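The values are calculated or read from the model by the stated rules, or taken from the named source; none is laboratory data. Just so you know, these numbers come straight off a predicted model, no measurement behind them. For accessibility, only protein heavy atoms count, side chains too; no ligands or nucleic acids. Shrake-Rupley method; radii C 1.70, N 1.55, O 1.52, S 1.80 Å.
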Amino acid sequence: MNEVQPGQLYVVATPIGNLADLSPRAQSVLAGVTRICAEDTRTSGSLLAHFGIRTPLVALHDHNEDGLAEALVAALKKGESLALVSDAGTPLISDPGFALVRAARAAGVTVITVPGPCAVTAALSICGLPTDSFLFVGFLPSKSGARKDKLDSLKGEARTLVFYESSHRIADSVADVVEVLGAARLLFLGRELTKRFEESITAPADQVQRWLGADSNRERGEFVLI
Ligand code: SAM
């Protein structure tokens with residue numbers, strides 16, 4: 001079956017670290033569309049080169065997507081087929097693409113999902129905490145005062161909370177979780193998921209803080225906190 005139809009927008013998930021996670025369907029769609037909208041054309045260019053895919057790329061990121069969305073939708077209406085990818089994982093999940101998808105839907109363009117890796121679902125599926133109902137908060141504020149206020153506003157939330165965090169702030173954010181949500185709060189920390197140095201722990205927050213502090217390498221990489 002030909003995966004790609006003219007005039008359709010394909011939102012394609014790419015690996016969050018392990019290249020083997022690019023699905024056969026994603027490869028076939030990326031090879032079959034006329035152009036691929038990518039958050040960073042160099043990053044996606046390397047991924048595509050690895051799979052021998054030579055589809056032309058167009059840069060679509062936070063700074064140009066509002067302006068570019070209309071032209072891309074016009075191209076779709078003329079019969080182009082486009083894929084949307086981000087640097088890693090699922091587009092629009094703390095990544096660009098919202099303006100394009102919204103504009104495409106508003107213009108009556110069919111938007112097709114090619115699902116796959118996403119750090120939120122990867123982490124939820126291994127955390128051992130309730131997953132029946134969760135709140136994806138995304139990145140916490142970078143300044144400690146605002147971060148503590150945000151955590152405080154979530155104190156009474158019954159749903160499982162999911163956060164993204166970077167290496168620069170992981171230690172401070174975990175310290176704020178201990179302080180605001182309490183040392184006994186069960187906390188999952190997953191780092192470098194699907195990559196060579198993948199590690200994760202679920203324990204009371206103060207234990208996770210000690211675990212993190214026990215090895216300076218543990219502050220490196222990409223993190224999900226639950
Ligand atoms: N769109 C991506 C997705 O589907 O997960 C998320 C993009 S967001 C800009 C990047 C953040 O996602 C990182 O700072 C980290 O919090 C999380 N993340 C991405 N890859 C990860 C990985 N391999 N392990 C742990 N967290 C990851």
Anisotropy class of region 8-98 from Cα gyration tensor, a/c 1.5 cut = oblate
Phi-based couplings in Hz for region 83-90 (Karplus 6.51, -1.76, 1.60; Gly and Pro marked x) = 10, 10, 10, 10, 4, 7, x, 8
How big, in percent, is the set of alpha carbon pairs in region 78-226 lying more than 26 Å apart?
-> 32
Contact order normalised by residue count of region 1-146, Cα under 8 Å, 6+ apart, percent | 35
Mean-position separation - Cα centroids, region 207-224 and region 117-176, in angstrom | 15
Work out which helices of the chain, taken as complete DSSP H runs, extend at least 15 Å along their axis over the Cα atoms and score a mean Kyte-Doolittle of 0.5 or more, then list them.
-> 65-77, 170-181
Gyration tensor (Cα only) of region 179-226 to equivalent ellipsoid, semi-axes in Å sorted down, yields 19, 11, 8
Normalised convex hull volume, region 59-135, alpha-carbon set, Å³ per residue | 114
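Return a whole-number percent for the relative contact order of region 116-226, with Cα pairs under 8 Å and 6 or more residues apart as the contact set. Don't skip to the answer; put the middle values down first.
Values: 172 pairs, mean separation 33.4, N = 111.
Result for region 116-226 is 30 percent.
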In the chain, what percentage of the DSSP-assigned beta bridges are antiparallel, given to the nearest 5?
-> 40
Select from LYS195, LYS143, LYS77 the residue whose mean-square fluctuation is largest in a Gaussian network model of the chain (Cα-Cα springs shorter than 10 Å).
-> LYS143
On average, how much accessible surface per residue is there in the chain, in Å², for a 1.4 Å probe, leaving out ligands, DNA and RNA?
-> 49
Hey, what number do you get for the chain at 222 nm if only DSSP H runs of n ≥ 4 count, each worth -39500 (n - 2.57), divided across all residues, to the nearest 500?
-> -10500 deg cm²/dmol
